[in-house]
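Participant: Can you read through this structure? Questions will come right after.
The values are calculated or read from the model by the stated rules, or taken from the named source; none is laboratory data. The structure displayed is predicted, hence computed values, not measured ones. With ideal geometry, Cβ positions are generated from the backbone for all residues, glycine too; neighbour counts draw on all protein chains shown.
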Amino acid sequence: MSVISISELQRRLSRFSRLSLADLPTPLLDCPRLSSVLDGPRIMVKREDQTGLAFGGNKVREFEFSVAPAVDEGYHVLLHGAASQSNQSRLTAAVAARLGLKAIMIGQKDAHAKPVNGNLLLAHLFGAEVHLVESPTEKEKLIKQLKSEGQRIYNTSSDGYYLRSLSYVDGFLELWEQFQNQSILPDAIYVCSGVHTHVGLVVGSSVLGIPLRIVGISPSPRQNAGANTQLAEVANHVVRMLGIDLTFSATDFESYGEYAGEAYGLVTPACREAVILAARTEGLLLDPVYTGKTFGALIDHIRKGQFARNQTVVFVHTGGTPALFAYGNEILVDV
């Protein structure tokens with residue numbers, strides 16, 4: 001049963017400040033050769049990798065909402081720090097360039113930091129001040145130093161955190177309209193489950209009373225029960241922001257941590273197969289950290305008989321493809 005109507009949800013979303021960064025709507029496309037090769041369901045891809053800015057990705061849609069307060073409140077520095085091939089660091093730098101702000105990237109001096117390639121190359125190209133550190137302590141010390149110098153820093157990981165999930169409530173409205181226009185009611189939606197894209201889709205479908213199976217695949221090893229509790233906590237915060245009387249629990253989320261492999265950022269055999277298969281059947285590029293592992297999980301579920309040929313599965317492509325250039329030796333191991 002619907003909690004609120006589509007028009008009411010749109011009205012509540014419109015109360016939040018929003019930037020114009022993404023090329024929307026992103027396409028929803030058929031992948032008939034993938035379906036045929038896997039002898040499985042109809043596979044469709046929601047192309048969030050085509051949000052336009054800086055090779056696209058789900059962060060562009062998220063930043064429309066989550067970076068808006070930085071503009072409204074007069075911040076002059078956007079900061080992000082994660083792995084050296086972080087998509088979010090790349091897009092933090094690109095958004096800063098678009099908005100005329102300063103970007104600072106504090107990345108990890110990890111196995112993909114040299115040579116300068118992929119997302120790291122793009123962060124440099126967009127003019128970010130790049131620091132590569134070896135420990136979280138070193139990172140926090142650097143942030144403290146930057147603040148002591150009087151720089152007003154907006155951290156795109158922590159500042160505007162819940163707004164990133166809110167953006168994919170809006171993203172669900174776009175996706176649902178495409179389903180209706182194409183007369184589709186998918187049997188499942190697969191998405192990489194960090195936090196925000198997964199949460200936003202579940203909140204959007206739930207508040208509109210649309211029963212959809214939304215399957216999240218974690219890019220990091222984790223215990224599913226604990227992860228689902230965290231997702232529910234974020235979802236509950238988002239519905240409070242929207243003024244909606246709805247409560248989520250861990251059982252409202254379906255997610256899997258076992259497809260991540262031994263650690264974040266390590267290429268698994270299933271991920272490698274998924275990246276190559278998508279490229280060679282559809283000309284579709286997946287990345288080795290997020291979408292490759294998510295699609296690898298979908299392939300496994302298809303092979304285990306979870307879906308019949310007369311069913312439809314939608315794969316949300318969250319982007320990340322620039323990282324491919326830093327992972328060439330791990331993807332093409334036989335070349």
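Participant: Quick one: how many residues across region 265-299 are crowded, with 16+ Cβ neighbours inside 10 Å and part of a helix (DSSP H, G or I)?
Facilitator: So the count comes out to 18.
Participant: Could you say which residue among Ala279, Ala274, Ala270, Ala297 is at pLDDT 95 or above and more than 21 Å from Glu48 (Cα to Cα)?
Facilitator: Result: Ala270 is the single residue among Ala279, Ala274, Ala270, Ala297 that is at pLDDT 95 or above and more than 21 Å from Glu48 (Cα to Cα).
Participant: Turning to a different aspect of this structure: Is there a residue in region 241-264 that is surrounded by 24 or more Cβ atoms within 10 Å (Cβ to Cβ), assigned to a helix (DSSP H, G or I) and modelled with pLDDT of 95 or more?
Facilitator: Within region 241-264, none of the residues are surrounded by 24 or more Cβ atoms within 10 Å (Cβ to Cβ), assigned to a helix (DSSP H, G or I) and modelled with pLDDT of 95 or more.
Participant: Quick one: which strands (runs of 3 or more DSSP E) lie wholly within region 14-120 and hold at least 2 residues that are more than 30 Å from Arg309 (Cβ to Cβ)?
Facilitator: Numbers: elements: 28-30, 42-47, 77-80, 102-108.
Strands (runs of 3 or more DSSP E) meeting the threshold: 77-80, 102-108.
Participant: Within region 146-155, can one find any residue that is acidic (Asp, Glu) and touching a Lys or Arg at 6+ places or on another chain (Cβ under 7 Å)?
Facilitator: No, there is no match, as no residue in region 146-155 is acidic (Asp, Glu) and touching a Lys or Arg at 6+ places or on another chain (Cβ under 7 Å).
Participant: Just to be sure, is Leu21 hydrophobic (A, V, I, L, M, F, W, C), surrounded by fewer than 19 Cβ atoms within 10 Å (Cβ to Cβ) and in contact (Cβ under 8 Å) with a residue 40 or more places away in the chain?
Facilitator: Values: hydrophobic (A, V, I, L, M, F, W, C): yes; surrounded by fewer than 19 Cβ atoms within 10 Å (Cβ to Cβ): no; in contact (Cβ under 8 Å) with a residue 40 or more places away in the chain: yes.
No; evaluated as a whole, the condition is false for this residue.
Participant: So, one more: Answer yes or no: is there a residue in region 312-324 that is surrounded by fewer than 16 Cβ atoms within 10 Å (Cβ to Cβ) and either within 22 Å of Glu48 (Cα to Cα) or not assigned by TED's automatic domain parsing to the domain that holds Lys114 (or both).
Facilitator: no
Participant: Looking only at region 209-223, filter to residues that are within 16 Å of Tyr259 (Cα to Cα) and within 18 Å of the chain's Cα centre (by Cα); which one of those is surrounded by the most Cβ atoms within 10 Å (Cβ to Cβ)?
Facilitator: This residue is Gly216.
Participant: Look at Leu91 and say whether it is in contact with a helix residue (DSSP H, G or I) (Cβ under 6 Å, 6 or more places away or on another chain), more than 19 Å from Asp159 (Cβ to Cβ) and not assigned by TED's automatic domain parsing to the domain that holds Leu166.
Facilitator: no
Participant: So which pairs qualify, if the first residue must be in region 33-49 and under 19 Å from Gln178 (Cα atoms), the second must be in a strand (DSSP E or B) and among the charged types (D, E, K, R), the Cβ gap must be under 6 Å, and the two must be at least 6 apart or on different chains?
Facilitator: Met44/Asp30
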